[in-house]
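Here the structure comes first, spelled out in structure tokens, and everything after it is commentary.
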Amino acid sequence: MNTILKTVLLLICSNVFMTFAWYGHLKEMRSKPWLIVVVISWGIAFFEYLLQVPANRIGYTAMTLPQLKITQEVITLAVFVPFSIYFMQQPLKWDYLWAGLCLLGAVYFIFRS
């Protein structure tokens, strides 16, 4: 499998865990004490790191550090928007489109020769 494709797939999976670790508790654990939520979030984040660290190590063999970071940010938004809309039931806003367009600009500038 292509190095960049492996990196992207691992980062997508990592971001799913990250998004639930960072924001999932806002919906599902509002009544729990914050310390319990921290421990649960750390547990979820552990699985994020099991995917994110290898993704970055693999990706760094084919991309520069800035390219890897911008790729991560694009994936983060691509995972966060559906999470926000479907899981957290937030309204779809034009701001998501504008943010995505800004990231596309970042991708262009960071990957151009």
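Bear in mind these aren't lab numbers, they're just calculated from the coordinates by the rules spelled out. Since the model is a prediction, treat every value here as computed from it, not as a measurement. Positions of Cβ are backbone-derived with ideal geometry, glycine not excepted, and every protein chain shown enters the neighbour counts.
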Of the residues that sit in segment 83-108 and are loosely packed, with under 14 Cβ neighbours inside 10 Å and hydroxyl-bearing (S, T, Y), which one is farthest from N56 (Cα to Cα)? Y86
I need a count of the residues in segment 67-113 that are among the basic types (K, R) and closer than 27 Å to M29 by Cα. 1
Checked L97, L92, L101 against criteria (without any contact (Cβ under 8 Å) to a residue 60 or more places away in the chain and either in a loop (DSSP other than H, G, I, E, B) or on the phi > 0 side of the Ramachandran plot (or both)); the one match is L92
Answer from F20, F80, F47, F111 - the residue that is over 12 Å from the mean Cα position of the chain (by Cα), of a type outside the set (A, V, I, L, M) and surrounded by 15 or more Cβ atoms within 10 Å (Cβ to Cβ): F47
